[in-house]
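Colleague: This is the structure I have questions about; it appears just below.
Throughout, read-outs are computed from the coordinates displayed, never taken from laboratory work. Note that the structure is predicted; figures quoted are calculated from it, not measured. Cβ placement follows ideal geometry from the backbone for every residue including glycine, while neighbour counts extend to all protein chains displayed.
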Amino acid sequence: MRRTGLLLLLVAFASIAFAQDSAAKTSFISDNLDKSVEPCVDFYQYACGNWLAKHPIPPDRATYGIGGMVFDQNLDALHEGLEVAANPTTKRSPAERRVGDYYAACMDERGINEAGLKPLQPELARIDAISSKAGLAAQIAHMHALGMRDGTQFAQSGRPKSLFDFTAGLDDKDATKVIPIADAGGIALPDRDMYVDEDERSKGLREGYVKHMENMFELMGESPEKAAADAKTVMAIETDLAKVSMTRTDRRDPNSIYHKITVKELQALSPDFNWTAYFAAVGIPATQTVNVREPKFFQGVETAIKAHPLDHWKTYLKWHLVHQAAPMLPTKFVQENFDFYGKQLTGAKELRPRWKRCIASADATLGEDLGVLYTERKFGPESKKRMETMVANLEKALADDIQSLDWMGAETKKAAMVKFHGITNKIGYPEHPRTYPFAVIHRTTPLANMWSVNADDLKWTLARIHKPADKREWQMTANTLNAYYDPQMNNINFPAGILQPPYFSKDNDDAVNYGAIGGVIGHELTHGFDDQGRQYDAEGNLRDWWTAEDATKFKSRAKCVADEYSGFTVKDPANPDKPIHLNGELTLGENAADNGGLRIAYMALQDALAGKQQPLIDGYTPEQRVFMGWGTVWCTNYRDKAAALQAKTNEHSVSKYRVNGVVQNMPEFQKAFSCKAGQPMVSATACRIW
Ligand SMILES: [Zn+2]
């Protein structure tokens with residue numbers, strides 16, 4: 001299922017504890033400012049400069065921002081809850097027992113080191129026993145059940161499954177039904193482009209990746225020669241798969257990744273892969289239709305199966321097995337995994353403490369159990385009520401905005417309002433958290449625990465096929481510092497983890513709250529009408545409700561935004577003379593949501609103030625404070641490698657442009673700070689969609 005989140009931090013490898021004063025009141029915003037810079041020259045630097053200077057990136061992180069600070073506070077609450085839940089002598093609820101024992105097993109580094117590779121042996125033997133390529137299908141199904149939802153790795157789909165990705169989700173053209181989805185996958189670098197791009201950075205990452213695989217094979221006991229050969233073998237297979245995978249940008253068009261076909265048709269795409277055996281092994285009947293997101297990829301799977309001998313496939317599977325298992329293997333595997341995925345890829349200097357990695361693993365596997373521990377500590381009914389009021393105010397502003405657009409015709413407006421009225425929201429946490437009925441968890445078997453919960457997840461996911469959509473499901477855990485819009489559910493979702501100061505606080509003045517959490521609410525609402533969201537209707541179906549004329553106007557306005565952000569750059573650590581440009585097409589939906597979101601937050605504040613004279617706070621007007629609230633949310637220090645990775649692979653622009661890219665389009669900002677034409681924060685070609 002696609003969802004469009006907010007990305008307040010690069011989650012992977014990004015966490016550290018910092019004792020922070022509780023962030024509140026406008027003086028907090030004021031303290032962040034760099035007053036040596038004019039707001040109309042570089043608003044991000046103005047809003048964040050002092051904070052950035054005072055908060056260097058901790059060694060175990062790739063980025064550190066105000067989001068990272070809140071993330072740490074959330075971790076502390078989880079830590080406290082887990083220390084209680086992990087104690088078997090206390091009276092524990094089933095959720096506490098599961099997640100407490102999972103955490104305790106994960107924390108037992110000594111036990112893990114003593115066990116060595118023993119927990120992996122039965123799985124390695126299983127791969128060795130495959131006697132022909134016909135046996136690949138059942139093995140892939142088995143490995144998909146072991147899964148990878150560990151949360152410390154990168155992957156294009158977020159779920160780097162072996163050979164391809166397989167899940168179930170709503171049918172894009174009939175959002176009442178859950179259907180199986182087969183998708184591209186099978187690579188363990190974060191993006192298919194990294195296998196094919198010829199720039200220095202990509203070449204360096206490929207070399208580093210091959211070396212990393214070599215090291216892992218050696219740790220598994222292979223000779224250096226065999227390890228080197230095996231690493232090359234895996235690289236060859238993954239490169240074949242990457243080459244037949246679509247780019248992230250091409251995947252943004254929902255129609256380009258919708259191909260509902262029968263299993264027979266899928267079988268014709270890859271005749272040498274036994275889909276009947278695969279379906280039987282994952283436990284669903286092979287009689288149904290499947291959304292094959294990238295048919296060309298599955299033709300490529302066929303070519304790859306033919307091109308590489310069985311032994312090479314076994315090597316590939318062993319790599320994926322050890323890669324998936326790494327977080328629960330002995331320390332030397334964990335360190336080697338970090339040296340590539342943390343150090344080389346993101347620039348982090350040190351492995352983060354084990355308790356934080358174990359929380360990340362619990363979050364990725366037993367996230368709804370963890371969410372219960374979190375909400376008990378960090379979220380109350382009062383927060384929910386206040387948030388409901390803000391959402392209602394932002395919704396009203398969006399409705400007014402749509403009605404007042406001068407470029408959209410009456411017919412499309414009417415349809416847009418139907419979609420708008422269909423939007424629902426969820427705030428805080430799931431009403432009925434999942435219970436993981438098939439998960440078997442012991443305090444002494446960390447790797448088996450991870451596999452067992454993953455298998456439970458695949459079972460749960462596939463059991464939804466042919467059942468009606470459940471709008472109560474959450475795609476993020478309650479403790480997550482993020483928010484999302486789901487085009488197929490047509491709902492906006494705000495986990496309790498983001499409803500914390502300084503995003504959302506009773507101590508913030510209204511203007512700052514509107515700029516911070518209001519901007520976030522507006523962002524998610526706007527996703528319903530971004531380049532992807534606008535293609536879904538009120539019921540969540542991929543259906544064109546636009547007049548041709550208005551669709552053309554939308555595209556030309558969207559192109560303005562794409563061109564604007566393609567002009568922004570970050571440093572290329574591998575080639576300082578040639579900066580990396582943001583990908584305006586890839587980031588279009590997020591940038592459109594930032595622009596629309598802040599505008600409707602601003603409008604909602606105006607409504608709330610209703611012309612009443614507001615006092616200055618620290619010398620700032622409410623109009624200035626709303627922009628300062630938005631700026632504050634994004635204050636983030638980046639390592640060069642992390643900024644490059646984000647620019648290349650992430651749909652969210654780096655923080656500086658999430659602030660400056662938006663305000664330079666807004667006359668409201670320019671008026672608030674008395675900016676003059678020709679200043680950097682006054683765009684001569686300002687873009688506006690919403
Ligand atoms: Zn977003």
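Colleague: Give a residue-ordered list of calculated ³J(HN,Hα) values for region 362-378 (Karplus: 6.51 cos²θ - 1.76 cosθ + 1.60, θ = phi - 60°; whole Hz; x for Gly, Pro).
Modeller: Computed from phi, the couplings for region 362-378 are 5, 5, 6, 10, 10, x, 7, 5, 4, x, 5, 4, 5, 5, 4, 9, 10 Hz.
Colleague: For region 343-474, compute Rh as the Kirkwood radius over C-alpha pairs and then the Stokes-Einstein diffusion coefficient at 25 °C and 0.890 mPa s; write the answer in µm²/s, rounded to an integer.
Modeller: Estimated diffusion coefficient is 128 µm²/s.
Colleague: Per-residue HN-Hα couplings for region 465-474, Karplus 6.51 cos²θ - 1.76 cosθ + 1.60 at θ = phi - 60°, whole Hz, x for Gly and Pro?
Modeller: 4, 6, 8, x, 4, 10, 6, 8, 5, 10
Colleague: Let me ask something else. State which entries of Lys384/Lys506; Lys161/Lys378; Lys118/Lys314 exceed 22 angstrom in Cα-Cα distance in the structure shown.
Modeller: Listed pairs above 22 Å: Lys161/Lys378.
Colleague: Another question, then. Please compare each pair in Lys173/Lys318; Lys211/Lys356; Lys419/Lys553; Lys306/Lys641; Lys612/Lys676; Lys211/Lys641 to a cut-off of 29 Å on the Cα-Cα distance and tell me which ones are over it.
Modeller: Lys173/Lys318; Lys306/Lys641
Colleague: Follow-up. Quote the Stokes-Einstein diffusion coefficient, in whole µm² s⁻¹, for region 42-135, based on the Kirkwood radius over alpha carbon pairs, a temperature of 10 °C and a viscosity of 1.306 mPa s.
Modeller: In µm²/s, the coefficient is 88.
Colleague: How far apart, in nanometres, would the label points at Ile465 and Ser30 be if each is projected 7 angstrom from Cα along the Cα-to-Cβ direction?
Modeller: 6.1 nm
Colleague: Here's something else I'd like to know. Once the piece of chain linking Thr90 and Ala610 is laid out straight, how much longer is it, given 0.36 nm per residue of separation minus the C-alpha distance between them?
Modeller: Full-extension gain reported as 181.9 nm.
Colleague: Now, a different point. Which semi-axis lengths, in whole Å and largest first, follow from the square roots of five times the eigenvalues of the Cα gyration tensor of region 446-537?
Modeller: Computed over region 446-537, the values are 31, 21, 9 Å.
Colleague: Considering only DSSP states other than H, G, I, E and B, which GluC sites (Glu not before Pro) in region 184-213 qualify as loop sites with at most 16 other Cβ atoms within 10 Å?
Modeller: Of the GluC sites (Glu not before Pro), the ones in loops of region 184-213 whose Cβ has at most 16 other Cβ atoms within 10 Å are Glu198.
Colleague: Residue separation times 0.36 nm, minus the C-alpha to C-alpha distance between Leu117 and Ser404: what's the value?
Modeller: 96.9 nm
Colleague: Angle check, please: helix 410-422 long axis (alpha carbons) against the longest principal axis of the chain (alpha carbons), in degrees 0 to 90, nearest 10.
Modeller: 60 degrees
Colleague: Something else: Could you state the angle between the C-alpha long axis of helix 548-566 and the longest principal axis of the C-alpha atoms of the chain, as a value from 0 to 90 degrees rounded to the nearest 10?
Modeller: Tilt of helix 548-566: around 80 degrees.
Colleague: Would you mind counting up the charge near Arg92? Only other residues with Cβ under 14 Å from its Cβ, with Lys and Arg at +1 and Asp and Glu at -1.
Modeller: With Lys, Arg at +1 and Asp, Glu at -1, the neighbours total -1.
Colleague: Sticking with this one: Report the antiparallel proportion of the DSSP beta bridges in the chain as a percent, rounded to a multiple of 5.
Modeller: Expressed as a percentage, antiparallel bridges in the chain total about 75.
Colleague: Under the rule of at least 5 residues apart or a separate chain, name every residue whose amide H is placed under 5 Å from the amide H of Gly185.
Modeller: Placed amide hydrogens put Asp165 under 5 Å from Gly185.
Colleague: If you take every residue apart from Leu136 with its C-beta less than 10 Å away from the C-beta of Leu136, what net charge results, scoring Lys and Arg +1 and Asp and Glu -1?
Modeller: +1
Colleague: Starting from one equal scatterer on each C-alpha and no solvent at all, send me the Debye-based log10 I(q)/I(0) for region 384-423 at q = 0.26 Å⁻¹, two decimals.
Modeller: -0.85
Colleague: Shape call for region 533-643 from the C-alpha gyration tensor, a ≥ b ≥ c root eigenvalues: rounded (a/c under 1.5), prolate (a/b greater than b/c) or oblate?
Modeller: Since a/c reaches 1.5 but b/c is at least a/b, the shape of region 533-643 is classed as oblate.
Colleague: I've got another one for you. Below 16 Å, Cα to Cα, which lysines can Lys414 reach? Residues fewer than 8 away in the same chain don't count.
Modeller: Correct list for Lys414: Lys396.
Colleague: While we're here: Given C-alpha coordinates of region 602-690, what is the ratio Rg to Rh with the Kirkwood estimate of Rh?
Modeller: Rounded to two decimals, Rg/Rh equals 1.03.
Colleague: Also, quick follow-up: Report Rg/Rh for region 166-236, rounded to two decimals, where Rg is the Cα radius of gyration and Rh the Kirkwood radius.
Modeller: Here the Rg-to-Rh quotient is 1.21.
Colleague: How large is the translational diffusion coefficient of the chain in µm² per second when you combine the Kirkwood radius over alpha carbon pairs with Stokes-Einstein at 37 °C and 0.692 mPa s?
Modeller: My calculation gives 126 µm²/s for D.
Colleague: Between Lys349 and Lys173, what length comes free when the chain is fully extended (0.36 nm per residue of separation minus the Cα-Cα distance, one decimal in nm)?
Modeller: 58.8 nm
Colleague: Where does helix 295-307 land angle-wise versus the long Cα axis of the chain, in degrees 0 to 90, nearest 10?
Modeller: 30 degrees
Colleague: Something else now. List the aspartates and glutamates whose alpha-carbon lies under 17 Å from that of Lys467, not counting same-chain residues fewer than 8 positions away?
Modeller: Asp171, Asp172, Asp174, Asp457, Glu539
Colleague: For His581 and His421, FRET efficiency with R0 = 51 Å and r from the beta-carbon atoms, rounded to 0.05?
Modeller: E between His421 and His581, to the nearest 0.05, is 0.85.
Colleague: I'd like the projected area of region 256-391, averaged over all directions, using the convex hull of its alpha carbons. Report it in nm² with one decimal.
Modeller: Average of the hull's projected areas for region 256-391 equals 14.2 nm².
Colleague: Hey, another quick one. Can you compute the modelled spin-label distance between Lys559 and Lys571, with each label point 7 Å from Cα toward Cβ, in nm?
Modeller: 3.5 nm
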